Amino acid sequence: MGFLSSAFLLLTVSSFASSHREAPLISQDPLADNTDVYAFKSPDDPNTITIIANYIPFESPEGGPNYYNFGQNVRYEIHIKNKTTTKGDDITYRFTFSTTNEDPSTFFNIRLGKQNLKTTYKCEKSTDGGMTLTTIVMNGMVPPNNIGPRSIESGVGLNTSYDALVQGAISTANSGEKIFCGPVDDPFFVDLASAFDVGNFRPEGNSTNPPKDGLNRFNVHTIALKIPVNVLQKDGKSVSQAANILDPDYVIGVWASASRQMIQTLYKGADVGYDGKFVQVSRLGMPLTNEAVIPIGMKDRWNAATPYNGEDLQFAKYFTNPELALYMDDSQFGGAVPSLNQLRIQGKSLGSFDFRNGKPGLFGLKGNAALNGTALSEAAFGSVLLPDDKSPRAVDLLPILYTGVPNLAPYQLATGKSGNPLAAGKPFINNFLPTLGDMLRLNMAVPATPRNHPKFSSLGLVQAAVLGLTDPDYNGSTALQFIPNMDGFPNGRRLEDDVTTIELQAVGGVVLAAIGLWYDDFTPGVTASPVTPNLLSVLTYNAGVTKNDTTLKAVFPYEQNPWRGFRGNSYVGPTNAPVRIAAEPIDATNGIKIKVLGNPILNDEVMVEITGVEGQEMRIGLVNSQGQLVGQQIISKANVIERQTMKLGRQPGVYVLQVTTATGRKSVKLLRN
């Protein structure tokens, strides 16, 4: 119990953006930056699990001539835990990439059927904690970047469709897994600008200041695996052998990392040498602890740690009471962030239980006989879930977002509890894997919710709880049955899941309410229904951007093809090209004019005058020669003459300034001397 006690002392907190540029050192090494991890039951195959690890944030599709690519001197790894009796990984997939230039005589990336930066990979697998590795794919193909129609479809390029390149790059490993590595649309969605403006979220439907997807039209590089359940299950069992849809023997933990060699040497002539052992420089499990919880001074250390051997204990003090909860408590700083007004944590649930930061929560029940048979009893995990009278969220955020949730009271829905939150209720989750550290946990026995199901929701387990409490199809008994979205975050993470909204709702106490610890405006024996205005406010809250900027595929790898670099008005795509390319905005100016006041530019900023955009919302973006977005401004309603100053920085070279409205787009090149 000592190990479990230490493990459970860690509390996690909601974070509100994906892990893009989350730490000082990794922000300077984008090729090794792990942006997102997903793990979900494959929607088109109940016998497989899809695990996705994405790398390289904010890839501009136009970023040539040296397009974004997997690093040749990086170890990319996906780690899987399915046993609590072992110290480290139970399964590891390691990927290393190699790049060749097929035609060094040209500066083009693709020409006459040949590719420069043509990339292949080797995938190795270990089932003994990394002691031995077996190659399961050799010379796997990575599709090129989706540069444009002449590079991909035409005879002067590869003379094929991009869909054909993707399909041709899907490998079947000699151990049964399907694998795809390559560029894709970044499937994560969040209003980054508002999130980091001290939580200034703009809810969906805000017509005067609508939310902006900070990852709109950016690509990432993905490593996607479709793995048979019996390969991942600790005893080699298939789905059909599960005792039920919440069988605890089918829980796995998933995280991903990137590692580099310790020594990098720069030689005359621009050659680079790498020496020494590999060290981890980036990791990710749950979205997204490091970016929004760990302080600046500890972020690089967090990236270098693993979820094993107690390494995460050093960060425990940053999780004890979630900072965001302070902005959901009117006695603290609840008035400081108006965008979180709908989220107010229970201060007197059922008339007495206070879950605000530093308050006792359920600690007053510690040792009470009423806890016998529950997860809160001393014989179970009471010493951990009720550690002291100042850690109220140990009872909900800890198991839900850090260790997984056992199918034990009180962690069952209030359905059938007759007002007693400690009673047995309707089961809806069991992804308990009490192994120390930050991992995405998934119960593989839970069926996938069909994506065309009328009750499918991006709110994942929150919506499953709502259905289990209110829908006549599910709230008639406490019997175990499949409720749509039981396969959603935080039971794994689907590509569609709105993790930002879900995590903010969780910090706002929605899970406490789901198990019967209702909001303050419910009085037992007086209020007609626990579905009170406070609860409805939380359930109707959203963080602004609630879906991806494009569609997802119905088949593996499910992520959409990468955005195309070339999007001119003379090209709308051949019939065999993805429809999404034809639907992209074209470079029609629609009267937009840009005047640069001084070009070439001799200092660190440039002033531009823009006309032809009066009354429209306008986005100004500044991209460097590597395709990186180095500056951006959004004007909600432009003037007749819109004069703006953009920071260039001190790096000389060519930049592109692009003005975009709902009806047009215009770009100009800038030369910084």
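The values are calculated or read from the model by the stated rules, or taken from the named source; none is laboratory data. These figures come from a predicted structure and were not determined experimentally. With ideal geometry, Cβ positions are generated from the backbone for all residues, glycine too; neighbour counts draw on all protein chains shown. We work out accessible area using only protein heavy atoms, side chains counted, and drop any ligands, DNA or RNA first. Shrake-Rupley method; radii C 1.70, N 1.55, O 1.52, S 1.80 Å.
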Mind checking whether some residue in the range 254-268 is open to solvent by less than 50 Å² (accessible area, probe 1.4 Å), in a loop (DSSP other than H, G, I, E, B) and modelled with pLDDT of 80 or more? no
For the condition open to solvent by 10 Å² or more (accessible area, probe 1.4 Å) and either without any contact (Cβ under 8 Å) to a residue 24 or more places away in the chain or of a type in the set (Phe, Trp, Tyr) (or both), what is the one hit in Lys226, Lys212, Lys237? Lys237
What is the one condition in (1) touching a strand residue (DSSP E or B) at 6+ places or on another chain (Cβ under 8 Å); (2) among the charged types (D, E, K, R); (3) under 24 Å from Gln346 (Cβ atoms) that Asp388 does not satisfy? (1)
Are any of the residues in the range 345-367 open to solvent by 50 Å² or more (accessible area, probe 1.4 Å) and farther than 29 Å from Pro533 by Cβ? yes
Restricting the range 69-89 to residues that are of a type in the set (S, T, N, Q) and farther than 17 Å from Leu436 by Cα, the residue that is surrounded by the most Cβ atoms within 10 Å (Cβ to Cβ): Asn69
Matching entry among Leu480, Leu433, Leu461, Leu442 (being open to solvent by 50 Å² or more (accessible area, probe 1.4 Å) and within 16 Å of Val405 (Cα to Cα)): Leu480
Residues in the range 228-250: is at least one assigned to a strand (DSSP E or B) and of a type in the set (A, V, I, L, M, F, W, C)? no
Only one of these is surrounded by fewer than 19 Cβ atoms within 10 Å (Cβ to Cβ), free of Cβ contacts under 8 Å to residues at least 12 places away in the same chain and of a type in the set (Ser, Thr, Tyr): Thr100, Thr120, Thr106, Thr96. Name it. Thr106
Please name all residue pairs, on different chains or six or more residues apart, with Cβ atoms under 9 Å, provided the first residue is in the range 58-86 and is free of Cβ contacts under 8 Å to residues at least 40 places away in the same chain and the second residue is open to solvent by 20 Å² or more (accessible area, probe 1.4 Å) and of a type in the set (S, T, N, Q). Gln72/Thr96; Gln72/Ser98; Gln72/Thr99
Just name the residue that is least open to solvent (accessible area, probe 1.4 Å) out of those in the range 565-603 that are more than 26 Å from Gln616 (Cα to Cα) and modelled with pLDDT of 75 or more. Ile601
Selected residue [open to solvent by 10 Å² or more (accessible area, probe 1.4 Å), closer than 26 Å to Pro287 by Cβ and either without any contact (Cβ under 8 Å) to a residue 24 or more places away in the chain or not β-branched (Val, Ile, Thr) (or both)] from Asn452, Asn491: Asn452
Answer with yes or no whether Ala513 is open to solvent by less than 10 Å² (accessible area, probe 1.4 Å) and in contact with a helix residue (DSSP H, G or I) (Cβ under 6 Å, 6 or more places away or on another chain). yes
Counting only residues that are open to solvent by 20 Å² or more (accessible area, probe 1.4 Å) and closer than 22 Å to Asn673 by Cβ, which one in the range 630-649 is modelled with the lowest pLDDT? Gly649
Among strands (runs of 3 or more DSSP E) lying entirely in the range 16-92, which contain 1 or more residues that are basic (Lys, Arg) and touching a Lys or Arg at 6+ places or on another chain (Cβ under 8 Å)? 74-81
In the set Val156, Val184, Val166, which member is part of a strand (DSSP E or B) and either open to solvent by 50 Å² or more (accessible area, probe 1.4 Å) or in contact with a strand residue (DSSP E or B) (Cβ under 9 Å, 6 or more places away or on another chain) (or both)? Val184
Within the range 386-420, take every residue that is small (Gly, Ala, Ser) and in contact (Cβ under 8 Å) with a residue 12 or more places away in the chain and give me the one that is surrounded by the most Cβ atoms within 10 Å (Cβ to Cβ). Ala394
Within the range 126-140, track down each residue that is of a type in the set (A, V, I, L, M) and either crowded, with 18+ Cβ neighbours inside 10 Å or in contact with a Phe, Trp or Tyr (Cβ under 8 Å, 6 or more places away or on another chain) (or both). Ile136, Val137
Subset tally (residues that are touching a residue at least 40 places away in the same chain (Cβ under 8 Å) and closer than 21 Å to Val510 by Cβ) for the range 366-385: 3
Can you spot a residue in the range 169-180 that is within 30 Å of Pro228 (Cβ to Cβ), in contact with a Gly (Cβ under 7 Å, 6 or more places away or on another chain) and hydroxyl-bearing (Ser, Thr, Tyr)? yes
Would you check which residues across the range 638-667 are within 30 Å of the chain's Cα centre (by Cα), more than 18 Å from Met607 (Cβ to Cβ) and free of Cβ contacts under 8 Å to residues at least 60 places away in the same chain and list them? Ala662
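Here's the yes/no breakdown for (1) part of a helix (DSSP H, G or I); (2) modelled with pLDDT under 95:
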| site | (1), (2) |
| --- | --- |
| Arg283 | no, yes |
| Met286 | no, yes |
| Asp300 | yes, yes |
| Thr306 | no, yes |
| Asn321 | no, yes |
| Ala325 | yes, yes |
| Gly335 | no, yes |
| Ile345 | no, no |
| Gly361 | no, no |
Just to be sure, is Phe566 in contact (Cβ under 8 Å) with a residue 24 or more places away in the chain, outside any helix (DSSP H, G or I) and over 30 Å from Thr660 (Cα atoms)? no
